[in-house]
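Undergrad: One structure is given below, represented as structure tokens, and several questions about it will come after.
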Amino acid sequence: MSNEFHGLQSQAEPSVRLGPVMQLLNGEWVGSADGRTLPVECPANKKLIAEIPRAGAEDVERAVQAAERAFTAWKKVTPSQRGRAMQKIADALEAQLEDFARIIAHETGNALRTQARPEAQLCVDAFRYFGGLASELKGEMLPLGDDILSYTRREPLGIVGAIVPWNAPAVLCSIKIAPALVAGNAMVLKLAEDAPFAGLFLAEICQRFLPPGVLNVVTGLGAECGAALASHPRIHKMSFTGSTAVGKSIMAAAAERIGPVSLELGGKSPTIVCDDADEEWVVQNVGTAMRFTRQSQSCTAGSRLFLHESIYDSFLEKLVKLMNSYKIGNPLDEATDMGSLISSKQYGRVCSYIEEGLKNPDVKLLTGGLPPTSGPLAEGYFTVPTLFGGSSNAWRLAKEEIFGPVLVVIPWKDDAQVLKMANDSHYGLAGYVFSNNTARAIRMAHEIDSGWVQVNQGKGQLFGQPYGGFKQSGQGKEQSLSSLTEGFSRLKTVTVNLTI
Ligand code: NAD
């Protein structure tokens, strides 16, 4: 069957009704085994984008079989040739960057200028970065004496299963596909049902430079398709990004086959602003750390703001001004800073947290609130940046990952007290500290129980920095050399008797 997915490349505009979109199995674009489909809507206008295959266990089995067949030859391709394939994918993707970015914006509701275009570029960077690391898949000679030649070698794991969420669907696919394939594995990737099109677009480009079956991509629901993949007995590793609740089930399934997993899960990250940091640049960075221009649908969002009591009012005055300045609207409009949430489910969830905040007499709504119910923003799942002041760290909104633009502010007095509160969470993904006293900020960064802490900035991840959470925010690292070697290859020791 031909790949009708090409239709999306130049038509990433609202209200375009497309033909059936296919999934990629063994180098061919096919529907689901039983012919069932799922609708995918555009979150900015609630209109249908297209139907996708609703894959189940049979599709996953076909994908695993295709990967197994392809793996035999792919693992024999030299690492440098595999790296070269990733470089070619990066070049081809770069040539279609704008189409790619528009698809991301259209399906996620993320604004093209502030989020989707940078995300598209990050995908190119991921393929270049990991393609360039192919020669690092090396072992070492072990000094055991002149009579023994003992060395380690890195081998691919086999079939890697990967599952991604919808919030940064393209880059999350890229940081799994590129290292897994460079390391010589074959892959079955399950896309998010709410935002599958950028992943399919990417797969189509990858497929031009890969033998059939090296990369297989399935689309479907988590409980059907995702669970079938996670529990498949012949998967050698699962790489999962998503919620902590589902991450636990992925880990339980892997225990059955004693297989490795990497988990990139949720977060409720602390942002600490010290008494000497009541400045405009800090306000801007607190907004960036909260990922407002992604509607705060980011695992690393600094969504618990610990603000020193001595600067509480003056800092919040500036922060409210910033939060009210974001232009919210059509994600494809160049003027838009902030787009829509992903789905009706997420919209309902975020609104229910805001409703709870509005009913709590102990906190104060400083800006935002429930989204408008009429006008252009009511046509999609748009919300507005919302700030609740005077929160306790124990309040439900300060503990749970909201995954929407709702920030809670918690006042503090001394360093020991704020660090205790910052670490009082079952999450440990990211953290941010702002102070003009860099030594004090670094001391705080060392005490924060999170996998990634930034001092005096609130930026996104960079390739080359191991990224991954502590506690229930995950296990394993991504986006770095160690994630390639430790995450997607296995180490074998070979010992040779030289006296024979
Ligand atoms: P989710 O866990 O509901 O879904 C993620 C993926 O898992 C989707 O593809 C879904 O279909 C699949 N899935 C759902 N149930 C499954 C099951 N029972 N078995 C197998 N697969 C299943 O998460 P979400 O709501 O789509 O994404 C948001 C979450 O992802 C947030 O918690 C966020 O913090 C987290 N996230 C973490 C990172 C990170 O790097 N740590 C990055 C992005 C998102």
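None of the figures in this text is laboratory data; all of them are computed from the coordinates on show. As the structure is a prediction and not an experimental result, all values here were calculated from the model. All Cβ positions, even for glycine, are placed from backbone atoms using ideal geometry, and neighbour counts span all protein chains on display.
Undergrad: Please work out how much length the chain gains when fully extended from Ser310 to Asn423, using 0.36 nm per residue of separation minus the C-alpha to C-alpha distance, in nm with one decimal. Spell out each step's value before the answer.
TA: Details: separation 113, 0.36 × 113 = 40.68 nm, distance 2.19 nm.
Here the answer is 38.5 nm.
Undergrad: Related question: To the nearest 0.05, how large is the calculated FRET efficiency for Ala223 and Ile500 if R₀ is 60 Å and r is the Cβ-Cβ distance? Before the final figure, lay out the partial values.
TA: On the way: r = 57 Å, r/R0 = 0.94.
Once rounded, the FRET efficiency stands at 0.60.
Undergrad: Report the one residue of Gln457, Ile205, Ala254 whose Cα lies farthest in the direction of the positive end of the charge dipole of the chain (charges on C-beta: Lys and Arg +1, Asp and Glu -1; origin at the Cα centre).
TA: Among Gln457, Ile205, Ala254, the one farthest towards the positive end of the dipole of the chain is Ala254.
Undergrad: For region 123-167, compute Rg over Rh where Rg is the Cα radius of gyration and Rh is the Kirkwood radius from the inverse mean 1/r over Cα pairs. Can you show the working numbers first?
TA: Working: Rg = 17.1 Å, Rh = 14.2 Å.
That ratio equals 1.20.
Undergrad: Continuing with this model, one more query. Residue farthest toward the positive end of the dipole of the chain, with Cβ of Lys/Arg at +1 and Asp/Glu at -1: which of His232, Phe403, Gly242?
TA: His232
Undergrad: Taking the Cα-to-Cβ direction at Ser352 and at Arg153 and moving 7 Å from each Cα, how far apart do the two end points lie in nm?
TA: 5.4
Undergrad: Per the Kirkwood definition applied to all pairs of different Cα atoms, how many angstroms is the hydrodynamic radius of region 344-459? Working shown, then result.
TA: On the way: mean 1/r = 0.0632 Å⁻¹.
Its Kirkwood hydrodynamic radius stands at 15.8 Å.
Undergrad: Follow-up question, since we're still on this one. Quick one: order Trp29, Trp281 by neighbouring beta-carbon count within 10 Å, fewest to most.
TA: Trp281, Trp29
Undergrad: In debye to the nearest 20, how big a dipole does the chain give about its Cα centre with +1 on each Lys and Arg Cβ and -1 on each Asp and Glu Cβ?
TA: On the way: 48 positive and 52 negative charges, 179 e Å.
Dipole of the chain, to the nearest 20 debye: 860 debye.
Undergrad: How about Lys327: which aspartates and glutamates have a C-alpha closer than 12 Å to its C-alpha, ignoring those fewer than 8 places off in the same chain?
TA: Cα-Cα hits under 12 Å: Asp337.
Undergrad: Gain in length, Arg234 to Ala394, computed as 0.36 nm per residue apart minus the alpha-carbon separation, to one decimal in nm? Provide the component values of the computation, followed by the final result.
TA: Working: separation 160, 0.36 × 160 = 57.60 nm, distance 4.31 nm.
Residue separation times 0.36 nm, minus the Cα-Cα distance, leaves 53.3 nm.
Undergrad: Work out the charge dipole of the chain with +1 on the Cβ of Lys and Arg and -1 on the Cβ of Asp and Glu about the Cα centre, then indicate which of Phe130, Met338, Ser150 is farthest towards its positive end.
TA: Going by the charge dipole, the pick is Ser150.
Undergrad: Could you work out how far helix 169-182 tilts from the main Cα principal axis of the chain, as a 0 to 90 degree angle to the nearest 10?
TA: Roughly 30 degrees, rounded to the nearest 10.
Undergrad: Here's a follow-up. Mind grabbing the base-10 log of I(q)/I(0) for the chain at q = 0.06, 0.09, 0.11 Å⁻¹? Debye formula, identical points on the C-alpha positions, no solvent, two decimal places.
TA: Result of the Debye calculation: -0.28, -0.63, -0.91.
Undergrad: Given a Förster distance of 25 angstrom, what is the FRET efficiency for Thr37 paired with Ala245, based on the Cβ-Cβ distance and rounded to 0.05? Working shown, then result.
TA: Values: r = 27 Å, r/R0 = 1.07.
Efficiency, rounded to the nearest 0.05: 0.40.
Undergrad: Obtain the nm distance between the two label points defined at Gln96 and Leu144 by a simple spin-label model: each point lies 7 Å from its Cα along the Cα-to-C-beta direction.
TA: Each label point is offset 7 Å from its Cα along the Cβ direction, giving 4.9 nm.
Undergrad: Still on this model: Under the 0.36 nm per residue contour assumption, what length would be gained going from the current alpha-carbon distance of Arg69 and Leu462 to full extension? Mind dumping the intermediate values first?
TA: Numbers: separation 393, 0.36 × 393 = 141.48 nm, distance 3.44 nm.
Full-extension gain reported as 138.0 nm.
Undergrad: Please order Thr485, Thr336 by the number of other Cβ within 10 Å, starting at the fewest.
TA: Working: Thr485 19, Thr336 23.
With the fewest neighbours first, Thr485, Thr336 line up as Thr485, Thr336.
Undergrad: On a 30 Å Cα-Cα criterion, which of the cross-link pairs Lys76/Lys477; Lys413/Lys477; Lys76/Lys176; Lys399/Lys459 come out too long?
TA: Working: Lys76/Lys477 26 Å; Lys413/Lys477 34 Å; Lys76/Lys176 20 Å; Lys399/Lys459 22 Å.
Beyond 30 Å between Cα atoms: Lys413/Lys477.
Undergrad: On a 0 to 90° scale, report how tilted helix 117-131 is relative to the longest principal axis of the chain, with both axes built from alpha carbons and the result rounded to the nearest 10.
TA: 30
Undergrad: Which of the aspartates and glutamates could a cross-linker span from Lys237 if the Cα-Cα distance has to be under 20 Å and same-chain partners fewer than 8 positions apart are dropped?
TA: Cα-Cα hits under 20 Å: Glu58, Asp59, Glu61, Glu68, Glu155, Glu224, Glu256, Glu264, Glu478, Glu486.
Undergrad: Please arrange Val282, Val453, Val496, Val164 by counting, for each residue, the other beta carbons lying within 10 Å of its beta carbon, fewest first. Intermediate values should be presented prior to the final figure.
TA: Details: Val282 25, Val453 21, Val496 10, Val164 28.
Fewest-to-most Cβ neighbours within 10 Å comes out as Val496, Val453, Val282, Val164.
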